[in-house]
1. Consider segment 86-113. How many of its residues are in a loop (DSSP other than H, G, I, E, B) and open to solvent by 40 Å² or more (accessible area, probe 1.4 Å)?
2. How many residues are free of Cβ contacts under 8 Å to residues at least 12 places away in the same chain and of a type in the set (Phe, Trp, Tyr) if we restrict to segment 89-102?
3. Do you know which of the residues in segment 21-54 that are of a type in the set (Val, Ile, Thr) and in a helix (DSSP H, G or I) is surrounded by the most Cβ atoms within 10 Å (Cβ to Cβ)?
4. Here are some conditions: (1) at pLDDT 95 or above; (2) not in a strand (DSSP E or B); (3) not acidic (Asp, Glu). LYS213 meets all but one. Which one does it not meet?
5. Which pairs do you get when a residue that is in contact (Cβ under 8 Å) with a residue 12 or more places away in the chain and among the small types (Gly, Ala, Ser), found in segment 37-65, comes within reach of a residue that is assigned to a helix (DSSP H, G or I) and open to solvent by less than 70 Å² (accessible area, probe 1.4 Å), reach meaning Cβ atoms under 9 angstrom, with the pair 6+ apart or on two chains?
Amino acid sequence: MNKIYVVGIGPGAYEKMTIEAAEALKGSDTIIGYTVYVDLVKEHFPGKTFLTTPMKKEVDRCIMAFEEAQKGHVVSMICSGDTGVYGMAGLMYEVGVKYPEVELEIIAGVTAASGGAAVLGAPLIHDFCLISLSDLLTPWEKIESRLLHAAEADFVICLYNPSSKKRSDYLMKACDLMLRHKDPDTVCGTVANIGREGEEMQLMTLKELRDTKVDMFTTVFIGNSQTKNVDGHMVTPRGYRNV
């Protein structure tokens with residue numbers, strides 16, 4: 001059977017993986033992914049063949065998966081979080097055009113937005129958007145426009161990839177943009193290492209967030225004008241009590 005499962009493994013902990021994802025990995029001969037993600041699942045799926053590529057080798061990773069599937073192996077391509085949210089599902093379909101005999105099945109996972117929201121409380125109860133601050137594949141001018149319009153529309157905003165060694169000031173720049181439309185006291189939160197060892201959450205205001213140090217393993221949540229701190233939890237009301 002020429003088949004590839006494209007699997008979202010969730011935030012990292014095995015317990016946060018969906019049953020469907022775990023079953024797909026159990027039923028696979030070969031599990032392929034970015035080195036860090038393969039290390040997260042290896043101990044739970046003994047006897048499998050594991051293949052990895054480093055970051056920035058995503059196309060090579062996809063080709064590897066299709067070539068393994070053509071050998072008659074059942075393959076799982078894994079991604080952290082959800083494979084359809086900043087994951088590999090789209091690229092797998094694009095590369096897969098050259099491998100029409102291989103079937104793809106996409107299996108959803110818990111993305112950092114929902115995983116981190118559960119740690120913070122309930123920040124995403126109303127309309128929200130996800131924006132990645134990585135300009136590796138998206139021009140900063142486009143990211144800037146999205147930040148400004150989302151802030152103006154009073155969305156709760158969840159930021160992925162908020163900082164790196166080369167982009168150490170990007171969260172500060174993003175906060176400065178959002179402060180044009182959001183109150184400095186807007187309730188915000190960060191969650192580092194969601195579902196992994198060292199998980200840590202913080203609540204703060206938008207003006208405090210501006211000067212907060214984060215890394216690529218941190219997900220950032222900026223509230224809307226109704227978001228509040230309820231007993232140390234970030235909560236965005238949907239308005240049920242006003243109905």
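The values are calculated or read from the model by the stated rules, or taken from the named source; none is laboratory data. What you are looking at is a predicted structure, and each value in this text was computed from that prediction instead of being measured. Note: ideal-geometry Cβ built from the backbone for every residue, glycine included; neighbour counts use all protein chains shown. Just so you know, the surface numbers come from the protein's heavy atoms only, side chains and all, with ligands and any DNA or RNA stripped out. Shrake-Rupley method; radii C 1.70, N 1.55, O 1.52, S 1.80 Å.
1. Initially, segment 86-113 is screened for residues in a loop (DSSP other than H, G, I, E, B), giving 86-88, 97-102, 108-111.
Going one step further and asking which of them are open to solvent by 40 Å² or more (accessible area, probe 1.4 Å), we end up with 86, 97-98, 100-101, 108, 110.
Of the residues in that region, 7 qualify.
2. Matching residues across segment 89-102 total 1.
3. Step by step, filter segment 21-54, then rank; the result is VAL41.
4. Of the numbered conditions (1) at pLDDT 95 or above; (2) not in a strand (DSSP E or B); (3) not acidic (Asp, Glu), the odd one out for LYS213 is (1).
5. Here the result reads ALA65/MET92; ALA65/VAL95, each pair linking segment 37-65 to a residue that is assigned to a helix (DSSP H, G or I) and open to solvent by less than 70 Å² (accessible area, probe 1.4 Å).
Every residue, every condition in (1) aromatic (Phe, Trp, Tyr); (2) part of a loop (DSSP other than H, G, I, E, B); (3) open to solvent by less than 60 Å² (accessible area, probe 1.4 Å), yes or no:
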site: THR138; (1), (2), (3): no, yes, yes
site: LYS142; (1), (2), (3): no, no, no
site: LEU147; (1), (2), (3): no, no, yes
site: ALA150; (1), (2), (3): no, no, yes
site: LEU159; (1), (2), (3): no, no, yes
site: PRO162; (1), (2), (3): no, yes, yes
site: LYS165; (1), (2), (3): no, yes, no
site: SER168; (1), (2), (3): no, yes, no
site: MET172; (1), (2), (3): no, no, no
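Here is a yes/no grid of residues against (1) within 30 Å of ILE4 (Cβ to Cβ); (2) out of contact with any Lys or Arg (no Cβ under 6 Å at 6 or more places or on another chain); (3) free of Cβ contacts under 8 Å to residues at least 40 places away in the same chain:
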residue: LEU104; (1), (2), (3): yes, yes, no
residue: GLY109; (1), (2), (3): yes, yes, no
residue: LEU124; (1), (2), (3): no, yes, no
residue: SER132; (1), (2), (3): yes, yes, no
residue: LEU159; (1), (2), (3): no, yes, no
residue: TYR170; (1), (2), (3): no, yes, yes
residue: ASP185; (1), (2), (3): no, yes, yes
residue: ALA192; (1), (2), (3): no, yes, yes
residue: LEU203; (1), (2), (3): no, yes, no
